[in-house]
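Shown next, in structure tokens, is the structure this report addresses.
The values are calculated or read from the model by the stated rules, or taken from the named source; none is laboratory data. Predicted model only: the values in this text are computed from it and were never measured. Here the Cβ positions follow ideal geometry from the backbone for every residue, glycine too, while neighbour counts run over all protein chains shown. When the accessible area is computed, the model is the full protein with side chains, heavy atoms only, and any ligands, DNA or RNA have been set aside. Shrake-Rupley method; radii C 1.70, N 1.55, O 1.52, S 1.80 Å.
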Amino acid sequence: MTRSITIGPDRTGRTVAIVNGTIVETADPAAPVVACPDGEIRPGAVCAHTHLYSGLAPYGMPPAEPAPANFIEILRKVWWRLDRALDRQALRASARDYIAKALLAGTTSLVDHHESPHFIGGSLQVLADAAEDLGVRALLTFGATERNFGRAEAEAGLVECGNVEETPLVRRLVGLHASFTVSDDTIRAAGELCGRLGTVMHVHVAEAIDDVEDARARGYAGPLERLLALDALPPGSILAHGVHLTADEVREADRLDLWFVQNPRSNEGNRVGYPTNLRHSDNVALGCDGWDADMAVEEAALFRIAAAEGDDRATGRLDAGQRLIAERFGFSATGLATGAAGDVVVREDGKVALVVVGGRLVVRDGRLVGADAGAIEAEARAEAARLWQRMATL
């Protein structure tokens with residue numbers, strides 16, 4: 001069955017035709033037409049690194065006491081406690097609320113990195129089902145780790161990476177949490193799995209100096225060198241953060257066609273530093289690392305912090321995410337060009353009025369199509385209360 005839609009003309013006279021999920025030059029004459037004379041058509045935004053499992057955090061997550069003193073304490077006292085407390089219901093509510101808010105903000109693609117140690121098998125399908133139901137484009141992976149239950153935990157995480165059912169909207173990646181929480185054997189296994197699945201790695205790299213120090217203690221020059229030495233980074237792999245990489249390391253990653261994802265608000269909030277050396281790569285996209293996926297807000301934070309840090313290479317990082325998505329989904333172009341993903345947003349007076357993902361209308365008149373954002377949020381709030389109770393026992 002052919003799915004076609006034509007959007008426009010907008011106030012600039014632009015019309016975008018989409019057939020079977022891809023922007024085409026000539027519109028299907030039988031396609032429904034959605035006019036937007038007061039709006040402006042733009043490509044959908046891409047969040048190139050996030051954590052759907054953190055979607056309940058805004059709903060009253062209790063602060064850690066005493067307050068974490070450093071990055072590792074933030075992980076141990078906050079995020080690693082949260083992910084251990086997740087079950088199917090909480091994850092579903094978190095993902096649906098996060099995705100709903102992302103779409104309403106004009107974000108059409110999410111590159112997710114998931115962890116839930118007590119709910120591994122089936123967890124990615126929960127995320128995939130939420131993406132399919134609400135209509136967001138998603139790259140999904142489980143961040144394999146050994147930090148809770150050793151190699152068995154990592155092996156289960158890698159198995160789950162291969163369990164994702166791929167669809168026109170969903171693709172699977174292989175994931176590792178970070179170099180400092182896995183053994184060489186797990187890293188090798190992850191690299192081999194990339195080959196078997198025909199996909200790439202998604203992993204945190206040098207987010208904090210602790211990751212670098214751990215790799216050096218293991219006999220490597222750093223976490224990037226460790227992952228490369230163990231053949232775990234095929235071209236196109238996605239490296240989140242890169243805050244503590246050297247200029248030469250970034251240049252080498254760029255030569256190997258690896259992607260970096262900068263996460264400005266997260267890095268600022270966790271006080272891990274600014275990834276100045278990412279200026280030496282042309283493959284740097286923008287993510288939010290679990291913060292809300294309003295990418296206009298994230299880009300504004302990027303420009304503010306980049307100006308303070310003297311970084312003049314920040315422009316274009318949000319748009320770069322479209323290239324990353326095109327690589328993984330096989331689109332021949334980006335933006336609104338023929339052959340690009342049929343993911344478009346119409347803004348009126350700066351507000352998101354309409355969103356189309358893969359040719360499917362998912363937001364109209366600023367409201368979700370086929371779902372009630374208020375009901376989704378109400379469920380998320382109820383599940384959040386349960387989640388905080390479980391976290392208190394960990």
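What is the residue count in segment 87-109 for residues that are in a helix (DSSP H, G or I), under 22 Å from residue 286 (Cα atoms) and touching a residue at least 60 places away in the same chain (Cβ under 8 Å)? Lay out the reasoning, then the answer.
Initially, segment 87-109 is screened for residues in a helix (DSSP H, G or I), giving 88-104.
Add one more test, that the residue is under 22 Å from residue 286 (Cα atoms), and what stays is 94-104.
With the extra rule that they be touching a residue at least 60 places away in the same chain (Cβ under 8 Å), the set shrinks to 94, 96-98, 100-104.
Here the count works out to 9.
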TODO: Please go through segment 327-357 and pick out each residue that is more than 21 Å from residue 285 (Cα to Cα), touching a residue at least 40 places away in the same chain (Cβ under 8 Å), assigned to a strand (DSSP E or B) and open to solvent by 10 Å² or more (accessible area, probe 1.4 Å).
DONE: 347, 348, 352, 353, 354
Open item on the list: Tell me the residue from 57, 95, 67 that is out of contact with any strand residue (DSSP E or B) (no Cβ under 6 Å at 6 or more places or on another chain), within 22 Å of residue 384 (Cα to Cα) and crowded, with 22+ Cβ neighbours inside 10 Å, please.
Closed with: 95
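Is it true that residue 221 is open to solvent by 10 Å² or more (accessible area, probe 1.4 Å) and of a type outside the set (D, E, K, R)?
yes
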TODO: Return only the number of the condition from (1) touching a residue at least 24 places away in the same chain (Cβ under 8 Å); (2) surrounded by fewer than 18 Cβ atoms within 10 Å (Cβ to Cβ) that residue 230 does not satisfy.
DONE: (2)
- [ ] Please work out which one of (1) under 27 Å from residue 54 (Cβ atoms); (2) in contact (Cβ under 8 Å) with a residue 24 or more places away in the chain; (3) open to solvent by 20 Å² or more (accessible area, probe 1.4 Å); (4) more than 18 Å from the chain's Cα centre (by Cα) is the condition residue 313 fails and give its number.
- [x] (1)
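Among the residues that make up segment 357-374, is at least one of them under 15 Å from the mean Cα position of the chain (by Cα) and not aromatic (Phe, Trp, Tyr)? First the steps, then the outcome.
Filtering segment 357-374 for residues under 15 Å from the mean Cα position of the chain (by Cα) gives none.
Checked against the condition, which is being under 15 Å from the mean Cα position of the chain (by Cα) and not aromatic (Phe, Trp, Tyr), segment 357-374 yields no hits at all.
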Task: Near pairs, Cβ below 7 angstrom, 6+ apart or cross-chain, from segment 366-394 (in contact (Cβ under 8 Å) with a residue 60 or more places away in the chain) to any residue that is open to solvent by less than 30 Å² (accessible area, probe 1.4 Å) and of a type in the set (Ser, Thr, Tyr) - done: 380/94
